[in-house]
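Working notes, beginning with the structure itself.
Bear in mind these aren't lab numbers, they're just calculated from the coordinates by the rules spelled out. Because the structure is a prediction, the values reported are computed rather than measured. Cβ placement follows ideal geometry from the backbone for every residue including glycine, while neighbour counts extend to all protein chains displayed.
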């Protein structure tokens, strides 16, 4: 007789609404994080080499993607019933370089385990 692995068992407890919201959140968390790293590098290059072109383009892209990240994070927070402080911290994670990756990892673990953030 075979048994399901703990990771599979945890994933099966998610409702389809929460699972799809988590997937959307994860995609946008990675996208926001990559764009924020790119923006940080381009700002450093802007002030060290005088190249202004990339900063404007990446800055606008990050700004719009961050708005979508906020909406999808709020969607996940409502569906997974996050606490208010946890919701604010997840929303702010998209403004600190590398923090969206850390937040995404912790949120994914907690949501899949069925724990409340």
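When 65, 96 are arranged by Cβ crowding within 10 Å, least crowded first, meaning fewest neighbours, the order is 96, 65.
Which label marks the calculated value of mean projected area of the Cα convex hull in nm², given the options (1) 14.9; (2) 8.9; (3) 8.2? This structure yields the entry labelled (3).
Please tell me the relative contact order of segment 16-112 in percent, rounded to the nearest whole number, where contacts are Cα pairs under 8 Å and at least six residues apart.
Averaging sequence separation for qualifying contacts and normalising by length gives 43 percent for segment 16-112.
Its DSSP H runs of at least 4 residues, each contributing -39,500 (n - 2.57), put the calculated 222 nm mean residue ellipticity of the chain at -26500 deg cm²/dmol, to the nearest 500. Remark: spin-label model distance residue 64-residue 43 equals 2.1 nm, labels positioned 7 Å along the Cα→Cβ axis. If you take the Cα centroid of segment 25-74 and the Cα centroid of segment 75-103, the two points sit 17 Å apart.
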